[in-house]
Amino acid sequence: MNIFLQCVINGVALGAVYTIMALSYTILFGTLRIANFAQGDIYMIGMLLGFTFYVTASMNFFVGLILAIIITVLVLLIIDRLIYRPILRTSSMYLFIATIGMATFLRNASQLVFGSESYSFPHLLGSKPLQITEEISIVPQNLIIIGVCIVLVIVLFLFMRKTKTGLAMSAVSMNPFAAALMGVNYSKITTITYAISAAMASIAGVFTAPMYNVNTTVGASLGLKALIAAVMGGFGNSVGAIVGGMILGLVEALGSTYISSAYKDAFAFILLLIILFLRPQGILGRKRITKV
Amino acid sequence: MSTILKVNDLTAHYGSINALKGVSLEVEKGEIVTVIGANGAGKSTLLKCIVGVMNKSSGTVEFEGNDITRTGSDKIVRMGIAMVPEGRQIFSELSVLENLKMGAYTRSKKEDLTPDYDLVFGIFPKLKERAHQKGGNLSGGEQQMLAVSRALMSRPKLLLIDELSMGLAPVLVESLFDALMDINRKGTTIVLVEQDANMALKFSNRAYVIETGIVAFSGKSADLLEDDRVREIYLGG
Ligand SMILES: Nc1ncnc2c1ncn2[C@@H]1O[C@H](COP(=O)(O)OP(=O)(O)OP(=O)(O)O)[C@@H](O)[C@H]1O
Ligand SMILES: [Mg+2]
């Protein structure tokens, strides 16, 4: 029982990371129908920038965090303007391929900037696990990650439900033509959506840095798994991203304890296959019904 | 009277398809002008060009004396043109109220929308009962009411309506036309594209007949109702 509860705690912490990243994918896909395969590398850039400001330049953590967010957002906005948008004007199939190429490009370009070593990022509140009971504990950093995830989810949902811009994003996702007729500027909504997506990925990057070897490859597998979580939950559906992220985190944590940790990375794919077999539109995805 | 809309020798293409081949049209402030024509004549294309969601190949569009030929739709809506698109195009997952809120997107955040809700709910009481229902769950007629109401929320000076009567029961069409007359009396100029030429000519001041991308003829609606060519082609003899 204790082992099980410990797994659940670790799974929720892992799920929190997947959730933030899955949301960063899904907000882009839901609003603009763009699957940005470079999202994991945006996360990596956020993490390395956080490391550069907080550790290398010894800045205050929050100043470093905000700088990392701003620069990461700018990077994705520049990519959108210079590469994604011009390509999207030709075909969305090309864009799909371009985002895959962008992932590789960002990884290599980051090596030039940050070097190819692995760094370690100090735990923000120390690495000594907090004992919940004698046998169950949680690393303070994981507690922070779960807290950050909860705050981000609340802020995102309030933004989407309560602000005019959030409503316009929903409108664009449902019917971009009608949204244009309401006077919504598609280009502006695109920029805001990319900015939110990059901000979420960079926040995840900085807060999870102490749990990983900080290097330029750190985003590749995490990005892919978060994408799987988003697709599992129903790509484009925010609640689905949370459900998918949490399920994936829990399955990985439980599976690597009870089945084998050697297959840890395979669980995501197996889970994806099972879920898409049973529900092709994802757990909370809607079937696309074209009304005439 | 002053001219609110002036379209001059407008052409537009979908790829290699030439949908408008030089359309000119003028609308006076306060008028109801109808555009009739067969399927594929270019009526919807004309409205899309006016509101700025479609690129024009040549020609000009002027709104209240300003050239808006190359202006983006977000700015054009702000200037005072709204459109009720063909096929309603309701935001299906948003509630009726949220759809209306989107209609008021270009208005300032501080503005109180209560008088506008009162206005549209006054015209369409059915919508008030459905205020919290998802747009996609409304009936076709209710969606059309919502599409008209949503367009009114921006307080347009010029309202473009594409196929008001499409797929609606005759009683409902009558009451929608009455609602339009009401909206027009309150000061909104209306350009109405219609399949139901009979109805449209009865309710409008002037009419343009479009055939394959050009204006075939135009004139006072009352005269066109009596015109033999119009009667033969569009009014069933
Ligand atoms: N999205 C599109 N892509 C390519 N061709 C189009 C498109 N929309 C319209 N067309 C073509 O442009 C021409 C004009 O179409 P338009 O929709 O303006 O006609 P319409 O007069 O509104 O017809 P209807 O009464 O059937 O609504 C038609 O020949 C049509 O086939
Ligand atoms: Mg049409």
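The values are calculated or read from the model by the stated rules, or taken from the named source; none is laboratory data. What you see is a predicted model, and the numbers here were worked out from it, not measured in a lab. With ideal geometry, Cβ positions are generated from the backbone for all residues, glycine too; neighbour counts draw on all protein chains shown.
Take the conditions at pLDDT below 95, among the aromatic types (Phe, Trp, Tyr) and more than 21 Å from the chain's Cα centre (by Cα) and apply them to residue A:114. Does it pass? Quick ask: steps written out before the conclusion?
Working: at pLDDT below 95: yes; among the aromatic types (Phe, Trp, Tyr): yes; more than 21 Å from the chain's Cα centre (by Cα): yes.
It is true that residue A:114 is at pLDDT below 95, among the aromatic types (Phe, Trp, Tyr) and more than 21 Å from the chain's Cα centre (by Cα).
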Residues of segment B:27-56 being of a type in the set (Gly, Ala, Ser) and in contact with a Leu (Cβ under 8 Å, 6 or more places away or on another chain), in sequence order, are B:42
If you go through segment B:23-40, how many residues are over 16 Å from residue B:198 (Cα atoms), touching a residue at least 60 places away in the same chain (Cβ under 8 Å), more than 10 Å from ligand 2 (Cβ to nearest atom) and not β-branched (Val, Ile, Thr)? 6
Go through segment B:30-43 residue by residue and tally those that are assigned to a strand (DSSP E or B) and either under 15 Å from residue B:81 (Cα atoms) or within 11 Å of ligand 1 (Cβ to nearest atom) (or both). 4
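State the number of residues belonging to segment A:96-136 that are touching a strand residue (DSSP E or B) at 6+ places or on another chain (Cβ under 6 Å) and among the polar types (S, T, N, Q).
Initial filter on segment A:96-136 (touching a strand residue (DSSP E or B) at 6+ places or on another chain (Cβ under 6 Å)): A:119, A:121, A:129-131.
With the extra rule that they be among the polar types (S, T, N, Q), the set shrinks to A:131.
Selection size over segment A:96-136: 1.
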Scan of segment B:7-22 for residues that are away from ligand 2 (no atom under 14 Å from the Cβ) and within 25 Å of residue B:198 (Cα to Cα), ordered by number: B:7
Can you tell me which residues in segment B:145-167 are within 16 Å of ligand 1 (Cβ to nearest atom) and within 12 Å of the chain's Cα centre (by Cα)? B:147, B:160, B:161, B:162, B:163, B:164, B:165
Per the filter on segment B:148-193, residues within 20 Å of residue B:225 (Cβ to Cβ), within 16 Å of ligand 2 (Cβ to nearest atom) and modelled with pLDDT under 90 are B:164, B:165
Where residues in segment A:165-178 are in contact with a helix residue (DSSP H, G or I) (Cβ under 8 Å, 6 or more places away or on another chain) and within 7 Å of chain B (Cβ to nearest Cβ), which of them is surrounded by the fewest Cβ atoms within 10 Å (Cβ to Cβ)? A:170
Which numbered condition in (1) in contact with a helix residue (DSSP H, G or I) (Cβ under 9 Å, 6 or more places away or on another chain); (2) part of a helix (DSSP H, G or I); (3) not hydroxyl-bearing (Ser, Thr, Tyr) is the only one that residue A:154 fails? (1)
Residue selected from segment B:3-29 under the condition charged (D, E, K, R) and either within 12 Å of ligand 1 (Cβ to nearest atom) or surrounded by fewer than 16 Cβ atoms within 10 Å (Cβ to Cβ) (or both), by the criterion nearest to residue B:60 (Cα to Cα): B:9
Considering (1) under 28 Å from residue A:186 (Cβ atoms); (2) surrounded by fewer than 19 Cβ atoms within 10 Å (Cβ to Cβ); (3) under 17 Å from the mean Cα position of the chain (by Cα), say which one residue B:110 fails and leave the rest. (3)
Do you know which residues across segment B:77-104 are more than 7 Å from chain A (Cβ to nearest Cβ) and hydrophobic (A, V, I, L, M, F, W, C)? B:79, B:81, B:82, B:84, B:90, B:96, B:97, B:100, B:104
Of (1) within 13 Å of another protein chain (Cβ to nearest Cβ); (2) within 16 Å of ligand 2 (Cβ to nearest atom); (3) among the aliphatic types (A, V, I, L, M), residue B:138 satisfies all except one. Which? (2)
Please return the ranges of helices (runs of 4 or more DSSP H) entirely within segment A:184-292 where 1 or more residues are basic (Lys, Arg) and without any contact (Cβ under 8 Å) to a residue 40 or more places away in the chain. A:186-208, A:264-278
Scanning segment B:47-76 for residues that are within 16 Å of residue B:159 (Cβ to Cβ), within 11 Å of another protein chain (Cβ to nearest Cβ) and aliphatic (A, V, I, L, M) gives B:47, B:51, B:53, B:76
